[in-house]
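Here the structure comes first, spelled out in structure tokens, and everything after it is commentary.
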Amino acid sequence: MGDDMEALSGTQVTRRQARLWSIVGALLLVAATLALHIGLPLWDHIDLVPIYRAWLEGDVSSSGFWRVHDGSHLHTSAYVVLLLTTWLSHGRPWLDCLVSALLMVGVAMLLLRLASRVLPRGLARGWWFVVGLLAFYPGHLINLQWGWQVAVFISLAGLVVPVVLLTASSLRWSGWVASLVAAVLGVMSFGTTLAVFPVAVALLLSRSDWSWLRRAIGVSFWLLALAGLVAWMRWDHAGQAIARPHLGDALLYAGNYLGSGLLHFAQPLALPWLGVALLVAAVVAWRAPRQRLLPCLALMACAMGAALLTAWGRAAPFGVEHGFMTRYVSYSILFWFGWFMLLLPAMVERPAWRRWLRPLLLLAAVIATFNAMHMTKKAIGVSRNANAYARQIVSQYPDYDPQLLERAYGPGRDQTAPELLGIWRQYGFAPFERTPE
């Protein structure tokens, strides 16, 4: 009886810490997002203009609403959100960013719920700071501040919701349906979410509390959904040649992608550190209890799948260094969250391992904290530049400097951006923000 009460008390401690970090992390993340948000449609956000106009005219299907973007991404579910937030806010991107932040808060709370299941009673409170930091990672700010990237946070929800639900101690059909819907909506926002499908199939097959018939039915619908989504992407992009990387380049790209989640500030160290992390994870996983192992490895596998999918589409045209793009930190941090969840219990419960695991985890915590500050500094710089672009776009209308348009919207946009900005000005939307003509 005493042991049972002690175990229950330990569960309450971990849940209390998770709730505390949910409140603190949510407040800080939302406040930072609104403080640093980009107040105009920069980069790909300008693509929303013809879609929004077509929507107002009642012919959204004639626009890019249903189309595949860059050969591998659907953004349809993100467009639904962006059309609504643009209409409600009269073209002010702060509402897009607020929705992204709320989605990220939901994802972070699910991750902390997972942590409260996995982490042991004897874990010091300082480690909960690390867990909370990784759940509400400031590295997300580089995406949160840009309204267009609501697509990323719908996608992240599509990765995390299935892992949390499918690894729960009991799984009902309602949870199975919710996990599949989240995954499909995630893929329809960003194709990277395809990485969760093989993970979900493996998790369903591992559920010994479900009969084999029930597992077969559950898996078959996941595979049907996967086939349908892939067919949609391939059909919409049929006939267009896409360069594919060599295996070595794809693996290097994926390694850079994952390693930069903690070491974006020291990119040459990212691959060696990732190699050490994978080796240690393999050793610990070999002895970890199965119930604890599954959610941790599932998160790590989702991040690795996202890295490989991105490498498959991006390594050849952009090179392996492209894996260090700041926006990928939102995905790669899932790997490191799962890694910490796997190693922290082993450090607490295995005294023989504590001598070498504790220094390694402390070093990783310091690196994660420094990288968080580095990414926050980058987000501040992006916000400052965006405000400068907004002032120049308003002052130069309608005769824009081509170099300004290239910096604000990327190469090749100097011909289309002026017309799209003119439409936004006609509506009185940001950065013009005045009464429509």
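In this label model, E321 and L362 are separated by 3.6 nm, measuring between points 7 Å along each Cα→Cβ vector. Computed over every Cα-Cα pair of region 242-285 and binned at 5 Å starting from 0, the pair-distance distribution P(r) comes out as 5, 23, 22, 21, 16, 9, 3, 1 percent. Each residue of region 284-437 gets 167 Å³ once the volume of the Cα convex hull is shared out per residue.
For the chain, the carbon plus sulfur part of the accessible surface works out to 64%, probe radius 1.4 Å.
Count charges around A288 for me, please; just the other residues with Cβ under 12 Å from its Cβ, Lys/Arg as +1, Asp/Glu as -1.
Summing Lys/Arg as +1 and Asp/Glu as -1 gives +3.
The ellipsoid that matches the Cα gyration tensor of region 149-236 has semi-axes, each √(5λ) in whole angstrom, of 23, 15, 9, with the longest given first.
Of the two radii for region 25-131, the radius of gyration is 1.13 times the Kirkwood radius, both from the alpha carbons; that is the Rg over Rh value. Every Cα-Cα pair of the chain was included, and the share exceeding 40 Å stands at 19 percent.
Note on L404 and S61: the model spin-label points, each 7 Å out from Cα along the C-beta direction, lie 4.0 nm apart. Counting every Cα pair in region 129-284, what percent are over 26 Å apart? Here the tail beyond 26 Å accounts for 42 percent of pairs. Look at the dipole of region 279-437 built from charges on Cβ: of G412, I423, A306, the Cα furthest out on the positive end belongs to A306.
Of all complete DSSP H helices in the chain, those with a Cα span along the helix axis of 27 Å or greater and a mean Kyte-Doolittle hydropathy of -1.0 or more are 2-36, 94-118, 212-236, 290-318, 329-349, 351-396. Where q = 0.19, 0.22, 0.29, 0.32 Å⁻¹, what log10 of I(q)/I(0) comes from the Debye formula for region 369-419, counting one point per Cα? Those come out to -0.66, -0.77, -1.06, -1.17, one per q. When the P(r) is computed for region 321-373, the part past 15 Å accounts for 56% of the Cα-Cα pairs.
The simple Förster model, with R0 at 35 Å and r as the Cβ-Cβ distance, assigns R354 and A35 a FRET efficiency of 0.30. Residues of region 303-333 with amide nitrogen under 12 Å from the 7 Å Cα-to-Cβ point of T416? Correct set: none at all. Protein heavy-atom accessible surface, 1.4 Å probe, per residue over the chain: 44 Å².
The values are calculated or read from the model by the stated rules, or taken from the named source; none is laboratory data. If you're wondering where the values come from, they're calculated on a predicted model, not measured in any experiment. Don't worry about glycine lacking a Cβ; one is built from the backbone with ideal geometry, like all the others, and counts go over all protein chains shown. The area values use the complete protein model at the heavy-atom level, side chains included, leaving out ligands, DNA and RNA. Shrake-Rupley method; radii C 1.70, N 1.55, O 1.52, S 1.80 Å.
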